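Note sheet for the following structure.
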Amino acid sequence: MLDKNTFKGIYVIAVTPFTDSLDVDEPGLLSTLDFCFAAGVHGVVATANASEVGYLSETERRRVAELVVKASHGKAKSVIGVSSSSYRISCDFARHAEAIGADAVMAMPPTFHTATVAEIRTFYRELAGATKLPVILQNASGPGATPMSPQLMADIATELPTVRFIKEETAYAAQTAGRLLELTGDLLQGVMGGRAGRTFLEEFRHGVCGTMPACEIADVHVALWNALDAGDEALARRIFRALLPLLDFEGSYGIPLCKEVLRARGVIGSAAWRQTGYQPLDTLAKKELAAIFDDLAEFMLPQYAPKRA
């Protein structure tokens, strides 16, 4: 299970690869995990937002979780996302995660409709009671998310002994993380950033223990973490400057960008996605992506060098 010594570094969110016919691509998922392990990630998160979890059936969610936990054993910590619209559903997913040997579960407050403070407290109380696994609070903004205040999260952590970890990715993530750590003292064992790592350097100054981005550029994120952890700020800033254009691109294209990067790097065979509202990269976008790859090349694993279209 997680503790303050293991909940640190780069915890990537594994995408869910699909075939061109939009079936779950299990060999593609295992290949994605192999890439993450080769990159040296410290943890892998499955069935979270970047996994297109809202577009997976219950059976698919459980199967993906099982594959990720099994593949991660002895290589990296495994975290299973159990977010849903109701604590009853999330509790079922949490019990399954514990049964298959996951190291922790992670959940946003009830999704779909905005939750009240009382409903959020009940949600996490029930979730913590359903499993012995550590519970990671995911504080996010955007579709399906109800952002929590630092005080509310601190109160939940104070009440529930298995809530010792937080993923913070709201609008002012760095300041929120810093405030959380001020409020909780030694109670919390780790606060991680999100948002693809776009504000990671600022978050690091506020005391975060790592970040939790999507997995398509895991090797570069690990290089960034290693530089920060070693106190080499000059190298960290050089890596960060090279990484930012890709993260900005991801902010525009979302899941299709993540999958196109993995496809170009030979990790998955298809960049197909289920999530609605996105469009594919056109020829000019792919040319821009190739230019970004050139700037990132020195920080990427040679065996996963992108292939030119």
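Structural remarks
- Qualifying residue in segment 164-176 (condition: out of contact with any strand residue (DSSP E or B) (no Cβ under 9 Å at 6 or more places or on another chain), free of Cβ contacts under 8 Å to residues at least 40 places away in the same chain and not hydroxyl-bearing (Ser, Thr, Tyr)): yes
- Number of residues in segment 112-147 that are surrounded by 19 or more Cβ atoms within 10 Å (Cβ to Cβ) and under 20 Å from residue 176 (Cβ atoms) equals 12.
- Filtered residue count, segment 240-278, keeping only those that are outside any helix (DSSP H, G or I) and at negative phi: 12
- All positions within segment 251-285 that are of a type in the set (D, E, K, R) and modelled with pLDDT under 95: none
- Candidate set: segment 157-200, residues that are buried (at least 24 other Cβ atoms within 10 Å of the Cβ) and among the acidic types (Asp, Glu); chosen: the one farthest from residue 136 (Cα to Cα): 169
- Candidate set: segment 64-91, residues that are touching a His at 6+ places or on another chain (Cβ under 8 Å) and not hydrophobic (A, V, I, L, M, F, W, C); chosen: the one surrounded by the fewest Cβ atoms within 10 Å (Cβ to Cβ): 85
- Selection of segment 19-36 for residues being of a type outside the set (A, V, I, L, M, F, W, C), under 18 Å from residue 304 (Cβ atoms) and outside any loop (DSSP other than H, G, I, E, B) yields 27, 28, 31, 32, 34.
- Matching option when the condition is touching a Leu at 6+ places or on another chain (Cβ under 7 Å) and acidic (Asp, Glu), among 26, 60: 26
- Within segment 7-56, being surrounded by fewer than 19 Cβ atoms within 10 Å (Cβ to Cβ) and of a type in the set (S, T, N, Q) holds for 19, 21, 31.
- Taking residues in segment 116-132 that are β-branched (Val, Ile, Thr), and partners anywhere that are in a loop (DSSP other than H, G, I, E, B), the pairs with Cβ atoms closer than 8 Å and at least 6 places apart or on different chains are 120/109; 120/110; 120/146; 120/148; 131/162.
- Members of segment 64-110 that are touching a Leu at 6+ places or on another chain (Cβ under 6 Å), under 17 Å from residue 14 (Cα atoms) and among the acidic types (Asp, Glu): 103
- Total residues in segment 122-142 satisfying the condition of being in a helix (DSSP H, G or I), within 9 Å of residue 109 (Cα to Cα) and not aromatic (Phe, Trp, Tyr): the figure is 0.
- In segment 96-108, residue surrounded by the most Cβ atoms within 10 Å (Cβ to Cβ) [restricted to those that are in contact with a helix residue (DSSP H, G or I) (Cβ under 7 Å, 6 or more places away or on another chain) and either under 23 Å from residue 4 (Cα atoms) or β-branched (Val, Ile, Thr) (or both)]: 105
- Counted residues, segment 37-67 - those being assigned to a helix (DSSP H, G or I) and touching a residue at least 24 places away in the same chain (Cβ under 8 Å): 17
- Residue in segment 212-226 that is surrounded by fewer than 19 Cβ atoms within 10 Å (Cβ to Cβ) and outside any helix (DSSP H, G or I) present: no
- Annotation: of all residues in segment 185-200 being touching a residue at least 60 places away in the same chain (Cβ under 8 Å) and more than 19 Å from residue 223 (Cα to Cα), the one that is nearest to the chain's Cα centre (by Cα) is 190.
- When each of 233, 203 is tested for being free of Cβ contacts under 8 Å to residues at least 60 places away in the same chain, over 29 Å from residue 307 (Cα atoms) and crowded, with 24+ Cβ neighbours inside 10 Å, the lone residue that passes is 203.
The values are calculated or read from the model by the stated rules, or taken from the named source; none is laboratory data. From a predicted model like this one, the values you see are computed outputs, not experimental measurements. Cβ sites come from the backbone with ideal geometry, for glycine too, and all protein chains shown count toward neighbours.
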